[in-house]
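What follows is one structure encoded as structure tokens, with my remarks underneath.
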Amino acid sequence: MALYLLFESASGYALFHAHGVDEIGQGVDAARASVLELQRFSKAVKLAGFSPFSSAVDALNQCNAISEGIMTDELRSFLELNLPKVKEGKKAKYSVGVMEPKVGSHISEATGIPCQCNEFVQELLRGVRLHFDHFIDQLQPTDLEKAQLGLGHSYSRAKVKFNVNRVDNMVIQAIFLLDTLDKDINSFSMRVREWYSWHFPELVKIVNDNYVYSKIAKFVVNKSDLAEKDIPALADIIGDEDKAKEIVEAAKASMGQDLSPVDLINVQQFAQRVMNLSEYRKNLYEYLVTKMNDIAPNLTSLIGEIVGARLISHAGSLSNLAKCAASTLQILGAEKALFRALKTRGNTPKYGLIFHSSFIGRASTKNKGRIARYLANKCSIASRIDCYSELNTSVFGQKLREQVEERLDFYDKGIAPRKNLDVMKAAINDMTNAVSEDGGEKEKNDTSAKKNKKKKSKAEADGEEMDLDKPAKVAAEEADPENENKKKKKHKLEEPQDQEMAVNGNLEQDETPKKKKKKKKPEASEDVEPRTATEGKKRKKKKSKTENDDV
């Protein structure tokens, strides 16, 4: 049976005929030895066909299809064109050796061409890859290297494409930085307290908050300068006027030692640094909240931003967290306690990072393990919805939170919770309604915007026509002074015409509106003199028609 080798290069598809396999030997070791020698290998393998890719985009598409184990239309046409044709009802007297087993199975299913993928075929394809530039005359080694480099970059770039707004790596870095800032701010605040207490020791007992203490230390600087006039400013910083008065009184009778101006400046600068770090920590927390609502809205609404971010950080990514089982997620963060318990054959931990959730703190001691297991189950569901759902909604997280609340009530009061199926159906209905409302609002906005555009365009066109007609009319009126006299005559004639119309309207109420219109026109025209002979004839005809109708 003849053997053909399918080789997918960066420049195109190539098909080789391994006609001298007997010279190499059927063994893997013999093939491996012959691959290194070009003269021996070129006698055994010859090029049967080559189809270059049309562009870099085409090469990327073909590479993606091969990596996924899919045979493209181009590959199928290339194989049908270069392989020997098989008569209907007969088996092929050849086989195609491929590097990827998935591609071979797809080729054999779609076309019926027998394919094989074993160590011997892989060694032959390794030799083809090694000497590929020698088999094609017009292809130079530098061209092949450029094609491989460009395809490698584009393939890697396409594989790592992601949604910029849903990058969980930013959450991991933010929560790490938040924990580090908490430790640093605490240690720096203690250093400010200890440093400034040499000068004003009574301030530590009055002010407990670290951030407020740093602000006051920066404001006061020298305690001997404090006076009654500084009470309003201190009250604005602390938020309590009584404490401000207490600080001023304590400064007057303080037991602290005096510091030099240079030392006070250093204390003031360090207090300012601590304040800046505290403000940056607040901004970082707000950033983390927004990122968590974008990346994992359901997990955030269920368990909170901080605990959810810690779970994602500990798992490595949101996809890794979604792959974790509920039992793994329950003890995530308590690995040391778990392995210690397994080693000593003691009790395994009931919870890890999810212990910081408020649900476990609200549960009683005997129910902490049960609610931790239930909460881990719901967190696993929420993380999978956030990872694999295309819609960015927090409806499922809110419903799962309601379920955990109901479970707490069930443990404490015995109130039966809703079934999971009913809750999920309600969540799906809420989500579909929200999506439909958003779509309806968008359509209304689009239609209203289109109508406004049409009205504006019409108004602009009419305005241009009016602007063009106005100067022509004005010029005609200025040229013909007789028009003014005609207008005056029209106004005089319209007054008796209106009176006659009012009288006729009162007398002839039973007649149809069409007849009224027909009678009004001739009555008004009796008083008006015809301008031309044709107009006079037309009006006479109308008179005769109306008289016939009356008869």
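GLN269 label point, 7 Å along Cα→Cβ, cut-off 20 Å on backbone N: hits in region 189-225?
189-199, 214-223
At what distance in nm do the modelled label points of MET1 and ASN169 sit from each other, each positioned 7 Å from its Cα along Cα→Cβ?
4.7
Once a ≥ b ≥ c are taken as the square roots of the eigenvalues of the Cα gyration tensor of region 296-433, is the result rounded (a/c under 1.5), prolate (a/b larger than b/c) or oblate (a/b not larger than b/c)?
oblate
Give me the one-decimal nm value for the distance between modelled label points at ALA416 and GLU402, 7 Å along each residue's Cα-to-Cβ direction.
The two pseudo-label positions are separated by 1.8 nm.
Can you send over the solvent-accessible area of TYR374, 1.4 Å probe, protein chains only, in Å² to the nearest 10?
Approximately 40 Å² for this residue.
Rounded, prolate or oblate: which fits region 2-160 when a ≥ b ≥ c are the square roots of the eigenvalues of the alpha-carbon gyration tensor, with rounded for a/c under 1.5 and prolate only if a/b beats b/c?
Note, shape of region 2-160 comes out oblate.
With the contact rule set at Cα under 8 Å and sequence spacing of 6 or more, what percent relative contact order holds for region 170-284?
Dividing the mean separation by the residue count of region 170-284 yields 38 percent.
Under 5 Å between amide H atoms, partner at least 5 residues away or on a different chain: which partners does GLY97 have, H built in plane at 1.01 Å?
TYR4, LEU5, LEU6, GLN116
Skipping prolines and chain starts, which residues have an amide H placed within reach, meaning under 5 Å, of the one on SER389, given they are 5 or more residues away or on another chain?
Correct list: empty.
By how many nm would the segment from THR142 to SER55 lengthen if fully extended, with 0.36 nm per residue of separation less the alpha-carbon distance?
29.6 nm
Rounded to the nearest 0.05, what FRET efficiency do LYS245 and ASN283 give with R0 = 35 Å and r taken as the Cβ-Cβ distance? Could you check?
The calculated FRET efficiency here is 0.60.
Roll a 1.4 Å probe over the protein chains and send me the accessible area per residue for region 296-433 in Å².
Heavy-atom accessible area per residue stands at 52 Å².
Once phi is turned into ³J(HN,Hα) by the Karplus curve 6.51 cos²θ - 1.76 cosθ + 1.60 with θ = phi - 60°, what whole-Hz value does each residue of region 320-326 show in order, with x for glycine and proline?
In residue order, the calculated couplings are 5, 5, 5, 7, 6, 6, 5 Hz.
Calculate the spin-label point distance for HIS153 paired with ASN429, positioning each point 7 Å from the Cα along the beta-carbon direction, and give it in nanometres.
Computed distance between label sites ASN429 and HIS153 equals 5.5 nm.
Strictly over 30 Å apart at the Cα level, which of LYS46/LYS85; LYS218/LYS291; LYS43/LYS93; LYS46/LYS159 would you flag in this model?
Over 30 Å apart, Cα to Cα: LYS218/LYS291; LYS46/LYS159.
The values are calculated or read from the model by the stated rules, or taken from the named source; none is laboratory data. For clarity, every value in this text was computed on a predicted model and none was experimentally measured. When we count neighbours, we look across all protein chains shown, and the Cβ atoms used for this are built from the backbone with ideal geometry, even at glycine. Protein only, heavy atoms only, side chains kept; ligands, DNA and RNA dropped before computing areas. Shrake-Rupley method; radii C 1.70, N 1.55, O 1.52, S 1.80 Å.
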